[in-house]
Every structure is written in structure tokens, then in C-alpha cells.
Amino acid sequence: MTSASFHPAGPARRTVVAAAGAAGLAVALTACGGSDDDSSDDTGTAPSASAGEEAGGGSAGGEDAGAALAATADIPEGGGKVFADQKVVVTQPAAGDFKAFSATCTHQGCAVKSVADGVINCPCHNSNFSITDGSVRSGPARKPLPAVPITVSGDSIRLAG
């Protein structure tokens, strides 16, 4: 009697287990990846945007450029307002001084959600940024929010193109 090997139809168990492990690893790396990219220099400044791309991603300064974003009266002095659709946060650190920053946190890319007590707040890991210059007030973020160019004309605030 000869001994015949048994070869089941379909992929080997080892192949299925390896594929499932690789898929799980890819999901984990995607979910946990992206903390502070290393594309900036040692000064902690954000990389400059390339042609056609706005720092911080999103449409800030892109297709919405020139469109009225808000009225100056909408932005409280010493505070600000997040414009989620445009991925921009506009602040007024002092009367008549308006600033805009990317609303994408530099830690892991979450959207900042609020402005209170002189800081822009990210709810994901509690990073806080200055309303004056976007610098990190508390981490885990290590890089400032990139500035977004705006124009203020009369009582209208617009994304600069």
C-alpha cells in the first residue's frame, strides 16, 4: 500500500492565517500611524505647501478661495470659530486682529473642534494651540497649526487665493 499525501482544495491553512495577520497589521498601522510627521525641520515649523496643495490638507485656500468665510462679528475677541467644511479655524487674539490656521491637528490629523480660553482645542488627544500663532500650548502635538492666508475687507473675512 502506498502512502498518498492529502492535499485539500483551496489555500493552505498557513496561507490563510498569514493573510489574516497581514490584514490586521495593516489596519492597526493605518489607525495608529501618522503621529507627527517628520517632514519638518528641527525648528518645529510645518513644511510649506507645494503648488496646488494647502498645508494641513483640505480645501483651505483651494476651491473656496475668495468666498466669504465669516463676518468679523462672528469671531469673538480672544477666541475663534472652527469652519469644519473649509478645514480652517479663524481667531481674533486682539480686537481687529484676525488669524487663520489649518483645523487639522498636527499630532494625528484629527479635526480641532473648539476655541476657548485663548487656545484651539483638539478633542482626540487634548492638544491645544495658541490662537495668536498656532503654536503648541500643550501636547502631545509638537508642531504648530499651519497658518492659512485670509483677507479681511470691511466686515468680511475671506480665504485668500
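Here the Kirkwood formula, the inverse mean of 1/r across different C-alpha pairs, assigns segment 86-161 a hydrodynamic radius of 12.4 Å.
Only loop residues by DSSP count here, and only those with at most 16 other Cβ atoms within 10 Å; note down the trypsin sites (Lys or Arg not before Pro) in segment 99-161 that meet that.
Filter output for segment 99-161: Lys113, Arg142.
Modelled label positions at Ala94 and Lys113, each set 7 Å beyond Cα in the direction of Cβ, lie 3.2 nm from each other.
Projected onto planes of every orientation and averaged, the convex hull of the alpha-carbon atoms in segment 69-130 covers 3.7 nm².
The gain in end-to-end length when the Asn126 to Ala73 segment is fully stretched comes to 16.3 nm, 0.36 nm per residue minus the alpha carbon separation. Within the straight-line cut-off of under 17 Å between alpha carbons, the lysines reachable from Lys99 are Lys81, Lys87, Lys113, sequence neighbours fewer than 8 places apart in one chain being disregarded.
Sum up the charges of everything whose Cβ sits under 15 Å from the Cβ of Arg137, counting Lys and Arg as +1 and Asp and Glu as -1, but leave Arg137 out.
+1
Solvent-accessible area of Asp85, all protein chains in place: 130 Å² (probe radius 1.4 Å, heavy atoms, ligands and nucleic acids excluded).
The values are calculated or read from the model by the stated rules, or taken from the named source; none is laboratory data. In this text, all values refer to a predicted model and were calculated from it rather than measured experimentally. Backbone-built Cβ (ideal geometry, glycine too); neighbour counts: all protein chains shown. Ligands, DNA and RNA are excluded from the accessible area calculation, which covers all protein heavy atoms including side chains. Shrake-Rupley method; radii C 1.70, N 1.55, O 1.52, S 1.80 Å.
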